[in-house]
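The block underneath contains the structure these notes are about, expressed in structure tokens.
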Amino acid sequence: MIAAEEPDVYILGGTGEDAIAVTSGKNVLSSQGALTWFVGGSGTDTFYVDAKKAELAWFSILNFHAGDDVTLWGFVPGSSSYSWAPSSGVAGYKGLTLESLSSSGVPAYITFPGVACSDISRIGTAAGSIGCQNYLLIHQF
């Protein structure tokens, strides 16, 4: 587990299974691993998750609230797709889950424990690219 006790931090997780947590402030949490648990703080947090690998990727983001953003790298506008599932995840941490499928058929999931289908009107998405990097942005209003 990687945890910050100070606000306003940037944390880059590893390439394996990670758990990354912050408490407050404006934070950036990023993981290159395919299985990562994030715990956001009371401030606004930005999460970066990487689904460009040729394997299943599943991320859980606890405490996702207004002002927070998630960038899913590897989502290709026009050839990748996504949908929402109402209650996926592990027991005790189920929630609204974005199910993404890359153009090559590799799945990526982002579960927001405690977030329900009724909250979907407060979540926006936008696909895009920066240089050669494609992404899907998920924002909570």
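For ASP68, are the conditions met, namely being charged (D, E, K, R) and within 17 Å of PHE38 (Cβ to Cβ)? Yes, satisfied. Just for the stretch 49-64: of the residues that are surrounded by fewer than 18 Cβ atoms within 10 Å (Cβ to Cβ) and modelled with pLDDT of 95 or more, which one is nearest to VAL106 (Cα to Cα)? The extreme case among them is LEU62. Of the residues examined, GLY13 is not one that is within 20 Å of GLY114 (Cα to Cα) and modelled with pLDDT under 95.
Considering the stretch 91-126 alone, what residues qualify as being part of a helix (DSSP H, G or I), polar (S, T, N, Q) and farther than 17 Å from HIS139 by Cβ? SER118, the sole residue that qualifies. Listed by first and then second residue, the pairs with beta-carbon distance under 8 Å, at least 6 apart or on different chains, first residue in the stretch 83-98 and within 19 Å of THR71 (Cβ to Cβ) and free of Cβ contacts under 8 Å to residues at least 24 places away in the same chain, second of a type in the set (D, E, K, R) and surrounded by 15 or more Cβ atoms within 10 Å (Cβ to Cβ), are SER83/GLU99. Only a single item in (1) in contact with a Lys or Arg (Cβ under 7 Å, 6 or more places away or on another chain); (2) surrounded by fewer than 17 Cβ atoms within 10 Å (Cβ to Cβ); (3) within 27 Å of ILE130 (Cα to Cα) is not met by SER87, and it is number (3).
The values are calculated or read from the model by the stated rules, or taken from the named source; none is laboratory data. Everything quoted here is computed from the prediction, not taken from an experiment. Quick reminder, even Gly has a Cβ in these numbers, built from the backbone with ideal geometry, and neighbours come from all protein chains shown.
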